[in-house]
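Structure first, then comments.
The values are calculated or read from the model by the stated rules, or taken from the named source; none is laboratory data. Note that this is a predicted model, so its numbers are computed, not measured. Reconstructed Cβ throughout: ideal geometry from the backbone, glycine too, with neighbour counts over all protein chains shown. To get the accessible areas, we keep the full protein, side chains included, count just its heavy atoms, and leave off ligands, DNA and RNA. Shrake-Rupley method; radii C 1.70, N 1.55, O 1.52, S 1.80 Å.
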Amino acid sequence: MPTLTDKDKEVISIWGVQNNIDILSLSYTRHAEDIRHARSFLSKLGELNQTQIFAKIENIEGLTHFDEILQEADGIIFSRGNLGIDLPPEKVFLFQKAAVYKCNMMGKPAVVTRVVDSMTDNLRPTRAEATDVANAVLDGSDAILLGAETLRGLYPVETVSTVGKICAEAEKVFNQDLYFKKTVKNVGEPMSHLESIASTAVRAAIKVKASAIICFTSSGRAARLIAKYRPTMPVISVVIPRLKTNQLRWTFSGAFEARQSLIVRGLFPMLADPRHPAESKSGSNESVLKVALDHGKASGVIKPHDRVVVCQKLGDASVVKILELED
């Protein structure tokens with residue numbers, strides 16, 4: 001059977017278009033061709049040509065072609081429920097760890113499912129489930145996807161709250177230093193221009209104990225690269241909208257990119273005023289920087305006398321600068 005059925009296409013072209021969907025989760029992805037097929041279908045649906053495709057790996061075929069699927073997809077969802085049927089149970093953990101690692105090294109979001117099944121009927125997760133959620137975070141997952149617990153469970157709100165608390169606790173003890181070294185080593189040398197700027201920004205932020213990294217971007221790519229190195233502080237991604245036209249009307253792009261980066265671990269997007277260019281010709285991108293700093297202060301991330309690392313493009317050059325804030 002085709003991975004994307006006619007019924008799927010009908011739903012996407014009607015409901016999906018009406019709701020400007022940000023991400024399409026492609027169930028039972030078995031080959032990279034499945035992703036290419038879905039992408040060419042989305043490209044014909046106006047605004048949905050910006051929709052990201054996450055491959056949902058649910059069977060042995062998907063596992064066998066994992067590397068080529070990862071190259072094509074924008075992110076990966078590990079459907080452990082169905083994988084547990086196709087794989088012997090003792091093998092599932094091994095695939096999860098290896099696959100999350102590969103996603104991390106490519107800077108693509110990894111999403112883990114089926115974590116607190118018992119909360120469908122109970123107010124508390126089992127000890128094993130709580131440990132499993134923490135381990136998913138320590139392994140490097142970007143997000144946890146809840147299923148039955150929130151779809152038909154008795155305690156959907158409590159489930160989200162409990163899983164959120166466990167994730168927050170696990171993040172506090174995440175070994176960032178080891179992770180950073182592993183990622184830099186994996187990228188190898190010579191590094192690409194963007195990759196070296198991103199890793200430098202994270203390294204500088206850690207060394208000066210910055211409270212946040214602010215990154216100006218128009219496509220969201222630079223901010224994602226910074227987040228790939230898993231800095232210990234939040235990355236505020238200031239998405240600068242771009243003006244584009246189809247000869248009949250002018251529209252701004254940027255909202256899609258900002259929303260889609262919410263799934264990346266440690267990335268907090270905000271949409272800037274379109275009048276501020278992402279690639280400023282001089283260093284005077286002050287007004288948009290002030291907006292970003294105010295946003296950080298309002299959310300309690302940035303405090304007086306803190307240091308902040310700013311990453312932006314000036315003309316053809318990329319600049320990483322360290323700001324020391326006044327009162």
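Some points to look at:
- Low-density loop cleavage sites - trypsin sites (Lys or Arg not before Pro) in the range 135-202, where at most 14 other Cβ are within 10 Å (DSSP): 152
- Area of residue 101 that stays accessible when all protein chains are in place (1.4 Å probe, Å², to 10): 90 Å²
- Positive end of the dipole of the chain (Cβ unit charges, origin at the Cα centre): among 252, 288, 156, the Cα lying farthest that way belongs to 288.
- The chain: translational diffusion in µm²/s, Stokes-Einstein, Kirkwood Rh over Cα pairs, 25 °C, 0.890 mPa s: 116 µm²/s
- Considering helices alone, the calculated mean residue ellipticity of the chain at 222 nm is -13000 deg cm²/dmol, with DSSP H runs of length four and up weighted by -39500 (n - 2.57) and normalised per residue.
- Long-range amide H partners of residue 113 with built H, under 5 Å: 78, 80, 145
- Rg/Rh (Cα only; Kirkwood hydrodynamic radius) as it applies to the range 176-325: 0.97
- Each residue, residue 7 and residue 221, gets one label point 7 Å from its Cα in the Cβ direction; the gap between the two is 3.9 nm.
- DSSP beta bridges confined to the range 176-325 are antiparallel in about 45 percent of cases.
- Placing unit charges on each Cβ (+1 for Lys and Arg, -1 for Asp and Glu) gives the chain a dipole about its Cα centre, and among 146, 168, 13 the Cα reaching farthest toward its positive end belongs to 168.
- Each Lys and Arg contributes +1 and each Asp and Glu -1, all at the Cβ; summed about the Cα centre of the range 176-325, the dipole is approximately 300 debye.
- The chain: relative contact order as a whole-number percent, Cα under 8 Å and 6+ apart: 11 percent
- Note on the chain: with charges restricted to the Cβ of Lys and Arg (+1) and Asp and Glu (-1), its dipole about the Cα centre is near 720 debye.
- Net charge of neighbours whose Cβ lies under 13 Å from the Cβ of residue 307, counting Lys and Arg as +1 and Asp and Glu as -1: +1
- Taking the 1.4 Å solvent-accessible surface of the chain as the whole, the part contributed by carbon and sulfur is 56%.
- When the listed pairs 108/207; 172/209; 7/56 are checked against a 21 Å cut-off, the alpha-carbon distance exceeds it for 108/207.
- Computed extension gain for residue 15 through residue 294, at 0.36 nm per residue and net of the alpha carbon distance, reaches 96.8 nm.
- Where both bridge residues fall in the chain, DSSP classifies roughly 30% of the beta bridges as antiparallel.
- Model label points for residue 59 and residue 208, set 7 angstrom from Cα along the Cα-to-Cβ axis, are 5.3 nm apart.
- Spacing of the modelled spin labels on residue 49 and residue 68, each 7 Å from Cα toward Cβ, amounts to 2.7 nm.
- Of 73, 113, 45, farthest towards positive along the dipole that unit charges on Lys, Arg, Asp, Glu beta carbons give the range 1-113: 113
- Taking 0.36 nm per residue of separation and subtracting the current Cα-Cα distance, fully stretching the chain between residue 126 and residue 36 would add 28.4 nm.
- Extension gain, residue 242-residue 194: 0.36 nm per intervening residue step, less the Cα-Cα distance, totals 15.3 nm.
- Backbone N under 12 Å from the residue 148 label point (7 Å along Cα→Cβ), restricted to the range 60-75: none
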